[in-house]
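So the structure is just underneath, and the comments pick up after that.
Derivation of every value follows stated rules applied to the coordinates shown; laboratory data play no part. Because the structure is a prediction, the values reported are computed rather than measured. Every residue, glycine among them, receives a Cβ derived from its backbone with ideal geometry; neighbour counts consider all protein chains shown.
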């Protein structure tokens, strides 16, 4: 974990109270902590740093859930293609992450990409800000993204059919600032960052995948600065009972709280400041981006992800 993050971190287990974490470094390479712990002086929990990855889930004993589809080689292949297919010369790739990044302005502060998967948006934003951190709950995704920024190149296996794979080489774009980019394990509902310290916060295809979508938004709002801040929320709004109960959805229902369409309801929340999203945001851009996943050479999923960019 790069040392620049130490100035921003708090204990995710103690929220809504905020207690800075104290580092105990065992192994370090230049400004990169390889092994150690981040300790909370209030609750006493110790969050490990292993092989350069900080585990900042509220449960410091966090481990990947057995059977989680995002911890499989097939899922990794699919998301690497979605994020970096253009850099690997792949036919049919759609550059959604570059388009999302183009919407955002340059920033003088920290950028946080919530649900970063294998890291393309975070790396695109490294061209616009000195410090960027992506977070996810998939250890496979986070470790792969971190290996890419550390080594600058990866050998990638793309699934072709069944168990047949094809190897490609993925290299960092020269314009990406990997020294100021980091990836960590963290929970979208318990963000381990101090309040009002983040200049850009993003949620790309995440809000319909978390157990409590409104809490996800309020956590993004909490860490965002009260002035000179930007946020982007983009999602296909494929609400599912597998992710959260209907009563917590922010759209996709005919009656009750947040009836109607998800994007409209999120705009209303941001602009009104209701639901714990104070101070209010100003929505400045609204549209959609086509996003594409590849399962194998004969199977693709095309998704329309609706987005808003807001500022305050």
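Going by how many other beta carbons lie within 10 Å of each one, how would you line up 305, 199, fewest first?
Working: 305 18, 199 21.
Placing the least packed residue first, the sequence is 305, 199.
Per residue of the chain, what 222 nm ellipticity follows from adding -39500 (n - 2.57) for every DSSP H run with n ≥ 4, rounded to the nearest 500? Can you show the working numbers first?
Numbers: 6 runs with 61 residues, N = 312.
Mean residue ellipticity, 222 nm, calculated: -6000 deg cm²/dmol.
Report the Cα centroid-to-centroid distance between region 178-241 and region 150-165 in angstrom, as an integer.
Each part reduced to its Cα centre gives a spacing of 29 Å.
Compute the orientation-averaged projected area for region 119-200 from the convex hull of its Cα atoms and round it to one decimal in nm². Mind dumping the intermediate values first?
Values: hull surface 26.2 nm².
Computing the convex hull of the Cα atoms and averaging its projections yields 6.6 nm².
Quick check: from the Cα gyration tensor, does region 40-146 come out rounded (a/c under 1.5), prolate or oblate?
Taking the square roots of the gyration eigenvalues as a ≥ b ≥ c, region 40-146 is oblate.
How would you order 274-286, 131-143, 72-84 from highest to lowest mean count of nearby Cβ atoms within 10 Å? Intermediate values should be presented prior to the final figure.
Working: 274-286: 14.8, 131-143: 23.2, 72-84: 21.0.
Result, highest mean first: 131-143, 72-84, 274-286.
Let me know the shape class of region 1-63, please: from the alpha-carbon gyration tensor, a ≥ b ≥ c as square roots of the eigenvalues, rounded when a/c is under 1.5, otherwise prolate if a/b is greater than b/c, or oblate.
Prolate, because a/c is 1.5 or more and a/b exceeds b/c.
With only alpha-carbon atoms counted, please give the Rg and Dmax of the chain, in Å.
Values for the chain (Cα only, Rg and Dmax): 18.8, 56 Å.
Compare the peptides 109-115, 176-182 by average per-residue count of other Cβ atoms within 10 angstrom and give them in order, highest first. Provide the component values of the computation, followed by the final result.
Details: 109-115: 25.0, 176-182: 20.0.
Packing order, densest peptide first, comes out as 109-115, 176-182.
Report, in whole Å, the centroid distance computed from the Cα atoms of region 287-312 and region 52-101.
The two parts, judged by their Cα centres, are 14 Å apart.
How high is the relative contact order of the chain, given as a whole-number percent (alpha carbon pairs under 8 Å, six or more residues apart)? Mind dumping the intermediate values first?
Values: 684 pairs, mean separation 48.6, N = 312.
About 16 percent, as a whole number.
For Cα pairs less than 8 Å apart in space and 6+ apart in sequence, what is the mean separation divided by the residue count of region 175-236, i.e. the relative contact order in percent?
Working: 68 pairs, mean separation 26.5, N = 62.
In percent, rounded to a whole number, it is 43.
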